[in-house]
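My structure is below; once you've seen it, I'll send some questions.
The values are calculated or read from the model by the stated rules, or taken from the named source; none is laboratory data. Because the structure is predicted, anything quoted here is derived from the model rather than measured. In this analysis, Cβ positions are derived from the backbone assuming ideal geometry, glycine residues included, and neighbour counts consider all displayed protein chains. The area values use the complete protein model at the heavy-atom level, side chains included, leaving out ligands, DNA and RNA. Shrake-Rupley method; radii C 1.70, N 1.55, O 1.52, S 1.80 Å.
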Amino acid sequence: SAGLKVSLVEFELVNSTSKTEKGKIESFRVLAEAWDEEVNSRKVDLALAQKIGEMFDAMPSRKGQKSIFTSNSGKSKLQKESQKVKETLSANKNVPIYIEGLFDSTDFKGSLDRKTLEELNTEMLS
């Protein structure tokens, strides 16, 4: 991606004024658009992968063990999952995360919400 592009759109149901179509019609209008060429989706993926990795390392069962960030295959799995998480959070408020055998045969189960993604993006933009 060449940058971050955002549109604020208002959706509404409008009563039909047509004699042939009765009921409600979906309508939308673009309220605002903005972009930043310095931010791209790869940076968002890496920030999410970092957050998920920190959540994994903070699990009680991982106490005193090596960090996920010491494993190239573990980091690769985190990055792959972060792309899915980002796409899901673009349409949902919360996403469950499950990565089987993430590191040292340990599975990861957790969740992230859109607020966390927004906080990561705010940190990245400041």
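With θ set to phi - 60°, apply the Karplus curve 6.51 cos²θ - 1.76 cosθ + 1.60 along region 73-87 and write out the HN-Hα couplings as whole Hz, x wherever there is a Gly or Pro.
5, x, 5, 5, 5, 4, 5, 4, 5, 5, 5, 5, 4, 4, 5
Output the 0 to 90 degree angle, nearest 10, between the alpha-carbon long axis of helix 41-57 and the longest principal axis computed from the alpha carbons of the chain.
Orientation of helix 41-57: about 50 degrees from the principal axis.
Considering only protein heavy atoms and a probe of 1.4 Å, how much of the accessible area of the chain is carbon and sulfur, as a whole percent? Please report the intermediate quantities before stating the final value.
Values: 4530 of 9030 Å².
Ligands and nucleic acids excluded, carbon and sulfur reach 50 percent.
Taking H as built 1.01 Å from N, whose amide H comes closer than 5 Å to the amide H of ASP107, not counting residues under 5 places away?
GLY101, LEU102
What are the ³J(HN,Hα) values, in whole Hz, obtained from phi via the Karplus relation 6.51 cos²θ - 1.76 cosθ + 1.60 with θ = phi - 60°, for each residue of region 104-111 in sequence order, with x given for Gly and Pro?
Coupling constants for region 104-111: 6, 6, 9, 7, 10, 9, x, 7 Hz.
With θ set to phi - 60° and the Karplus curve 6.51 cos²θ - 1.76 cosθ + 1.60, what are the ³J(HN,Hα) couplings of region 3-13 in order, to the nearest whole Hz, using x for Gly and Pro?
Going residue by residue, I get x, 9, 10, 10, 10, 9, 10, 9, 9, 7, 9 Hz, with x marking Gly and Pro.
Mind putting a number on the dipole of region 55-126 about its Cα centre? Charges go on the C-beta only, +1 for Lys and Arg and -1 for Asp and Glu, and I need it in Debye to the nearest 20. Mind showing how you got there, number by number?
Working: 12 positive and 10 negative charges, 20 e Å.
Computed charge dipole of region 55-126: roughly 100 debye.
Dipole magnitude of region 1-93 about its Cα centre, charges +1 at Lys/Arg Cβ and -1 at Asp/Glu Cβ only, in debye to the nearest 20?
Details: 17 positive and 13 negative charges, 112 e Å.
I would put it at about 540 debye.
What does the charge add up to near SER82, with Lys and Arg as +1, Asp and Glu as -1, over the other residues with Cβ less than 13 Å from its Cβ? Before the final figure, lay out each step's value.
Numbers: positive: ARG42, LYS43, LYS51, LYS75, LYS77, LYS80, LYS84, LYS86; negative: ASP45, GLU54, GLU81, GLU87.
Local net charge: +4.
Whole number in Å², please: accessible area per residue of the chain, 1.4 Å probe, ligands, DNA and RNA not counted.
Working: 9030 Å² over 126 residues.
Value returned for the chain: 72 Å² of accessible area per residue.
Once Rg and Dmax of the Cα atoms in Å is worked out from the coordinates, which option in (i) 14.9, 52; (ii) 19.8, 71; (iii) 50.3, 162 does it equal?
(ii)
Return a single number: how many Lys pairs in region 1-102, at a sequence separation of 8 or more or on separate chains, have alpha-carbon atoms below 18 angstrom apart.
Close lysine pairs under the 18 Å cut-off: 22.
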